[in-house]
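Contents: one structure, followed by commentary.
The values are calculated or read from the model by the stated rules, or taken from the named source; none is laboratory data. From a predicted model like this one, the values you see are computed outputs, not experimental measurements. Please note: Cβ atoms are built from the backbone with ideal geometry, for glycine as well, and neighbour counts cover all protein chains shown. Surface accessibility is based on the protein's heavy atoms, side chains included, excluding ligands, DNA and RNA. Shrake-Rupley method; radii C 1.70, N 1.55, O 1.52, S 1.80 Å.
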Amino acid sequence: MIADDEQDIREYFERLLPRLGHHLIGQAADGVELLELVERDPPDLIITDVMMPRLDGIQAVEKIAKQYSVPIIMISSLDRPSALPNQFIIDYLVKPFGAAELDAAIKRSASPPHRE
């Protein structure tokens, strides 16, 4: 499942994820839509932008993590923070990123490291 307020980014994932062997079950334009989608059909992985209207990616992840233990890849045009704000955030990719970076992050999400 992906969430990004930019239509072209959502379209990029829609084209790229099947090429990497993954099935996209939902797309959201903001954090509120992401929460609604997750409640209807919990995904195996969430890829979400940080900066989105109505509810940003960090806030959405915090709400999702209270009910679901799904791995999350954050994407942003902002620099990577020194510490990831949630134990379920497996990776943080800075835009623009390529297919190889995304594929590596998805593979890491399949076996997330234990964080305390």
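For D56, are the conditions met, namely being open to solvent by less than 30 Å² (accessible area, probe 1.4 Å) and either touching an Asp or Glu at 6+ places or on another chain (Cβ under 8 Å) or modelled with pLDDT under 95 (or both)? In short, no. The number of residues in the range 6-19 being open to solvent by 70 Å² or more (accessible area, probe 1.4 Å) and either charged (D, E, K, R) or assigned to a loop (DSSP other than H, G, I, E, B) (or both) comes to 6. Is one or more of the residues making up the range 20-27 closer than 18 Å to I89 by Cβ, assigned to a strand (DSSP E or B) and either open to solvent by less than 50 Å² (accessible area, probe 1.4 Å) or not small (G, A, S) (or both)? So far as the range 20-27 goes, no, none of its residues is closer than 18 Å to I89 by Cβ, assigned to a strand (DSSP E or B) and either open to solvent by less than 50 Å² (accessible area, probe 1.4 Å) or not small (G, A, S) (or both).
Pairing residues of the range 32-47 that are within 10 Å of M1 (Cβ to Cβ) with residues that are crowded, with 19+ Cβ neighbours inside 10 Å and aromatic (F, W, Y), at Cβ distances under 8 Å and at least 6 apart in sequence or on separate chains, gives I47/F13.
Within the range 28-51, work out how many residues are out of contact with any Leu (no Cβ under 6 Å at 6 or more places or on another chain) and open to solvent by 20 Å² or more (accessible area, probe 1.4 Å). Looking only at that region, the number is 12.
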